Amino acid sequence: MEKMKKLYEGKAKIIYATRDKDTVIQYFKDDATAFNGKKKDTIEGKGIYNAAISSKLFLLLEEKGIPTHFIKLLSPREMLVKKIQILPIEVVARNVAAGSLAKRLGVDEGLVLKKPVLEYYYKDDALGDPMVNEFHIDAMGWATKKQLESLKGSALKINNILQKFFLKKKIELVDFKLEFGLYKGKVILGDEISPDTCRFWDLNTREKMDKDRFRRDLGGIVDAYQEVMKRVVGAKC
Ligand code: TMP
Ligand code: ASP
């Protein structure tokens with residue numbers, strides 16, 4: 001599938017048109033940013049690891065009946081995906097308190113939540129992606145009530161599927177971020193699921209195996225991403 005015009009460039013990915021109006025190519029870069037782009041670096045090979053990990057997880061979700069934008073991996077950094085109209089909402093699912101939740105509620109990182117928690121953030125860099133609730137989403141028209149119900153159900157199912165999958169890989173799925181979009185009128189999962197967008201802790205040591213190593217200057221980023229790749233895909237690259 002030929003790469004045509006660049007349609008959009010984000011912090012970690014580029015979207016290219018193809019000859020088919022319904023499909024686009026999602027290219028995974030090595031660039032990493034944090035704190036709304038204030039911290040920047042390049043992590044060698046990150047794009048390859050994230051594309052491989054995301055592909056495996058999208059396939060798993062499709063097998064379990066969750067519609068996603070994934071079609072196939074075209075090359076180590078290029079994923080052919082359905083062209084969706086992205087909803088301007090980030091959905092965060094949490095199983096363990098960490099990051100902004102731990103800070104906001106004044107609890108220790110690592111506290112296991114009694115039930116999964118879903119949060120919504122309005123995608124707007126200038127505003128720093130503020131947290132919003134279902135009323136804001138409805139009142140602002142960012143998604144219809146029906147779309148929101150569908151997205152909520154999907155997010156909880158995805159959490160269930162991924163939690164079980166990662167447990168088998170000896171990884172604790174702490175939290176993760178999802179993005180959904182509309183394809184032919186239906187809400188489907190888009191974006192990526194990778195150590196950039198999830199918190200993964202080693203089940204035995206609770207060692208961080210995700211982008212927090214970059215956000216918090218912990219070092220060992222490439223090793224961590226490679227280890228996730230090895231456990232998830234079964235290969236080291
Ligand atoms: P948070 O604790 O910083 O709110 O992050 C929750 C989860 O969402 C965590 O797994 C990292 C992911 N995330 C993104 O994918 N993109 C972002 O811009 C942010 C802030 C978090
Ligand atoms: N990717 C986000 C940014 O650069 C933040 C993050 O993942 O922490 O703002």
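The values are calculated or read from the model by the stated rules, or taken from the named source; none is laboratory data. For clarity, every value in this text was computed on a predicted model and none was experimentally measured. When we count neighbours, we look across all protein chains shown, and the Cβ atoms used for this are built from the backbone with ideal geometry, even at glycine. To get the accessible areas, we keep the full protein, side chains included, count just its heavy atoms, and leave off ligands, DNA and RNA. Shrake-Rupley method; radii C 1.70, N 1.55, O 1.52, S 1.80 Å.
When restricted to residues that are free of Cβ contacts under 8 Å to residues at least 60 places away in the same chain and basic (K, R), segment 74-93 contains 1. Is there a residue being within 16 Å of ligand 1 (Cβ to nearest atom), open to solvent by less than 20 Å² (accessible area, probe 1.4 Å) and polar (S, T, N, Q) anywhere in segment 49-56? Yes, there is a match, as at least one residue in segment 49-56 is within 16 Å of ligand 1 (Cβ to nearest atom), open to solvent by less than 20 Å² (accessible area, probe 1.4 Å) and polar (S, T, N, Q).
The residue list V107, V117, V91 contains one member that is open to solvent by 40 Å² or more (accessible area, probe 1.4 Å) and within 17 Å of L173 (Cβ to Cβ), which is V117. Scanning segment 207-225 for residues that are among the charged types (D, E, K, R) and within 15 Å of ligand 1 (Cβ to nearest atom), we see that the one that is farthest from the chain's Cα centre (by Cα) is R216. Before we move on, is A32 of a type outside the set (K, R), in contact (Cβ under 8 Å) with a residue 60 or more places away in the chain, part of a strand (DSSP E or B) and crowded, with 17+ Cβ neighbours inside 10 Å? It is true that A32 is of a type outside the set (K, R), in contact (Cβ under 8 Å) with a residue 60 or more places away in the chain, part of a strand (DSSP E or B) and crowded, with 17+ Cβ neighbours inside 10 Å.
Looking only at residues that are small (G, A, S) and closer than 25 Å to L111 by Cα in segment 201-235, which one is least open to solvent (accessible area, probe 1.4 Å)? Checking each candidate, the answer is A224.
Can you tell me which condition K11 does not meet? The list is (1) under 27 Å from W142 (Cα atoms); (2) without any contact (Cβ under 8 Å) to a residue 40 or more places away in the chain; (3) in a strand (DSSP E or B), and all the others hold. Going through (1) under 27 Å from W142 (Cα atoms); (2) without any contact (Cβ under 8 Å) to a residue 40 or more places away in the chain; (3) in a strand (DSSP E or B) one by one, K11 breaks only (3).
Consider L80 carefully, then state whether it is more than 26 Å from A224 (Cβ to Cβ), of a type in the set (A, V, I, L, M), modelled with pLDDT of 95 or more and within 15 Å of ligand 2 (Cβ to nearest atom). No, not satisfied. From the list L101, L59, the one residue that fits, being without any contact (Cβ under 8 Å) to a residue 12 or more places away in the chain, of a type outside the set (F, W, Y) and not in a strand (DSSP E or B), is L59. Of the residues making up segment 104-119, those that are within 16 Å of ligand 2 (Cβ to nearest atom) and either outside any loop (DSSP other than H, G, I, E, B) or touching a residue at least 60 places away in the same chain (Cβ under 8 Å) (or both) number 2.
The condition (being more than 23 Å from L73 (Cβ to Cβ), open to solvent by 60 Å² or more (accessible area, probe 1.4 Å) and more than 12 Å from ligand 1 (Cβ to nearest atom)) is satisfied by just one residue among A143, A126: A126.
Out of D191, D125, D210, report the one residue that is in contact with a Lys or Arg (Cβ under 7 Å, 6 or more places away or on another chain) and closer than 22 Å to S100 by Cα. Spell out the reasoning first.
On the way: D191 fails: in contact with a Lys or Arg (Cβ under 7 Å, 6 or more places away or on another chain); D125 fails: in contact with a Lys or Arg (Cβ under 7 Å, 6 or more places away or on another chain).
Going through D191, D125, D210 in turn, just one is in contact with a Lys or Arg (Cβ under 7 Å, 6 or more places away or on another chain) and closer than 22 Å to S100 by Cα: D210.
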